[in-house]
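What follows is a single structure, written as structure tokens, with notes after it.
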Number of protein chains: 2
Amino acid sequence: MQTISENKCFGGIQGVYTHASEACGCNMTFGLFLPEAANEGAVPVLWYLSGLTCTHENAMVKAGAQTWAAEHGIALVFPDTSPRGKGVADDEAYDLGQGAGFYVNATEAPWARHFRMWDYLADELPNIVGATFAIDEDRQAITGHSMGGHGALTLAMRLPGRFRSVSAFAPICHPTQSDWGRKQLAAYLGADESLWAGHDATLLMRRLGFDGPVLIDQGSKDQFLDLLKPEALAAAMAERRQNGQFRIQPGYDHSYFFVASFMEDHLRFHADALYR
Amino acid sequence: MQTISENKCFGGIQGVYTHASEACGCNMTFGLFLPEAANEGAVPVLWYLSGLTCTHENAMVKAGAQTWAAEHGIALVFPDTSPRGKGVADDEAYDLGQGAGFYVNATEAPWARHFRMWDYLADELPNIVGATFAIDEDRQAITGHSMGGHGALTLAMRLPGRFRSVSAFAPICHPTQSDWGRKQLAAYLGADESLWAGHDATLLMRRLGFDGPVLIDQGSKDQFLDLLKPEALAAAMAERRQNGQFRIQPGYDHSYFFVASFMEDHLRFHADALYR
């Protein structure tokens, strides 16, 4: 693993690291914030998965999460959203290929060789981060924005016992029924829609739910409401009697200004679960 | 004035606006955060001047200032760092020309026609902002980072009565004695060094000081310490018995991670002065 940069930040260290990924078959870069509390022992960790077009960097510099992670003594991991580089398949569209991994293991050409973000985030990166940094693997939580909210919710529900809490900012809620989803799941997983169900937060909520608290924030002025389909997940949470909150935030859009505005709440929510 | 964007942010509005600038002879773009409190009446304002290579946008998305401005009910203005556009002079170096206005009125060719950032920030933009938004012009404060810290300090000292408080993150402290200064002041103002003195925070501190509190934060691991010359300003502040604090922050560098880490302190410092 190579250190790209380390900057002191809110008493801790905001680092950026690159490593050869076995799952993705290319070099992968991630950001990791270690709070000052990590000097005295392993700290709990919150995973932050980003949305379409983002790298590890966007949320790391724009979401304001370190402010509150430092206060609560929580580490943050900011993974990339796809494999990248020469020799990695891509598409001209912003919503397919590099920057748009959708947190699945692709089975179809030309994606199958590198696009294994599920394995990368479910297994490889947690092992690397846990072995390298002062992180308590028994206390993990996960959040994300947009496509990253989709990733956070699907990982949380399908890896029971892994995460104590899950939250999301304006997640893609029902990708099997949205143009943010159908195109990508068909490209990565093939035409058989039964294989898509494991990557749809609404379907997983109906079938599995989450064994812990859930917090969803969605802006009422989000320019992508038709693609996100928040009503599907809200209904599924209510039908299941899922422990959780689904909040509409009046006037907010899809931007990082929205994410930053509610980051304090999300960190407090996760801290409550991680320090219980 | 044209609205480029408005995003709800921490209960207020983060806007970006463009207008034809008389001072600079080109269109100028600035960011302005209005807290929710502005719905009920004019609010105090904190000017944030940015550093080399920045536009209005960098601090607006990376410094985390809205978090605390919302809490204290303070508006934020994020001006650009120079005139821009086709027909505006420029230089290949990152530290001269567009993105590097140094907050002066240039008198020398080819800069004199557009590079009038002092007039723009001392007169034109305050008038526009005051006439357009719910801002209390009697309660203004100013801060900045690096070249913007230089701008904040020189404007504050040379416009007595305008600002109630001034702060800076890693400011260029003594440009008449630094490669971040001599080259630019010579280019913009000409070879007569006596004309440079009005744009050197250390010289102004010795001669004028500031009629209010001053807060300076400087990281001990800043990669540009030799160019910033913090020791010159610290000595001048102490010699003058200036009301203020000069703080070395161990381990911090020159990045926005440093700026964001101490933004809460700076907003509280300015709020104390603005609400006294």
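So the values come out like this:
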read-out	value
More than 17 angstrom apart: percent of Cα pairs within the stretch B:130-177	40 percent
Label spacing, shortest first and in nm, from B:THR132 to its equivalents in the remaining copies (7 angstrom along Cα→Cβ)	4.5
Taking the C-alpha atoms of the stretch A:158-228, convex hull volume expressed per residue in Å³	95 Å³
Value in Å of the Kirkwood radius, where the protein assembly as shown supplies the Cα pairs that are averaged	24.7 Å
Probe 1.4 Å, all protein chains present, accessible-area order of A:ASP95, A:ASP226, largest first	A:ASP226, A:ASP95
Calculated Rg and Dmax of chain A using C-alpha coordinates, Å	17.2, 51
Order of exposure, largest accessible area first, which applies to A:SER220, B:SER146 with probe 1.4 Å	A:SER220, B:SER146
Copy-to-copy label separations for B:GLY11, where each label sits 7 Å from Cα toward Cβ, in nm and ascending	2.5
Centre separation in Å (Cα based) which lies between the stretch B:163-197 and the stretch A:206-229	51 Å
Residues whose placed amide H lies under 5 Å from that of A:PHE210, excluding near-sequence neighbours	none
For the stretch B:30-76: relative contact order, % (alpha-carbon pairs under 8 angstrom, 6 or more apart)	63 percent
Solvent-accessible area of B:ARG158 with every protein chain in place, 1.4 Å probe, in Å² to the nearest 10	90 Å²
Heavy-atom accessible surface of the stretch A:207-258: percent carbon and sulfur, 1.4 Å	51 percent
Nearest beta-carbon to the B/A symmetry axis - residue in chain B, distance in Å	B:GLY64, 2
A:GLY219 long-range amide H proximity, modeled H, under 5 Å	A:ALA170, A:GLN249
Computed P(r) (all Cα pairs; the stretch A:196-276; 10 Å bins; percent)	17, 43, 37, 4
All Cα pairs of the stretch A:113-157, percent lying beyond 11 Å	71 percent
Charge dipole magnitude, Cβ of K and R +1, D and E -1 - the stretch B:111-182, Cα centre, debye nearest 20	200 debye
Where the stretch B:155-205 is the region considered: accessible area per residue in Å², 1.4 Å probe	31 Å²
Among B:LYS183, B:LYS86, B:LYS221: highest mean-square fluctuation, GNM of chain B, C-alpha pairs under 10 Å	B:LYS86
Electrostatic dipole magnitude of chain A [Cβ: Lys, Arg +1; Asp, Glu -1; Cα centre; debye, to 20]	360 debye
Approximate shape of the stretch B:1-45 as ellipsoid semi-axes (Cα gyration tensor, √5λ), whole Å, largest first	24, 12, 7
Percentage relative contact order, chain B, counting C-alpha pairs under 8 Å, at least six apart	17 percent
Approximate shape of the stretch A:107-203 as ellipsoid semi-axes (Cα gyration tensor, √5λ), whole Å, largest first	25, 17, 10
Amide H contacts of A:SER5 (H built 1.01 Å from N, under 5 Å, at least 5 apart or other chain)	A:VAL16
The protein assembly as shown, dipole about Cα centre (Lys/Arg Cβ +1, Asp/Glu Cβ -1), debye to the nearest 20	500 debye
Residue (of B:GLN140, B:GLY130, B:GLY25) at the positive-pole extreme of chain B, dipole from beta-carbon charges	B:GLN140
CD proxy at 222 nm, helix term only [per DSSP H run n ≥ 4: -39500 (n - 2.57); per residue of the protein assembly as shown; nearest 500]	-8500 deg cm²/dmol
Selected from A:ALA187, A:ALA201, A:ILE216, residue furthest toward positive end of dipole (the protein assembly as shown; charges at beta carbon)	A:ILE216
Percentage, to the nearest whole number, of Cα pairs in the stretch A:35-163 over 27 Å apart	19 percent
Area accessible to solvent at B:ARG268, 1.4 Å probe radius, in Å²	100 Å²
Centre separation in Å (Cα based) which lies between the stretch A:1-60 and the stretch B:51-103	27 Å
Bridge type composition, chain A - antiparallel percent by DSSP, nearest 5	50 percent
Ellipsoid equivalent to the stretch A:1-99 - semi-axes via the Cα gyration tensor, in Å	27, 15, 10
7 Å along Cα→Cβ, label-point gaps from B:ASP211 to other copies, nm, shortest first	6.9
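The values are calculated or read from the model by the stated rules, or taken from the named source; none is laboratory data. Just so it is clear, the model here is predicted, and its values are computed rather than measured. Cβ coordinates were reconstructed from backbone atoms using ideal geometry, including for glycine residues, and neighbour counts include every protein chain displayed. Each accessible area value is taken on the protein alone, full model and side chains, heavy atoms only, with ligands, DNA and RNA left out. Shrake-Rupley method; radii C 1.70, N 1.55, O 1.52, S 1.80 Å.
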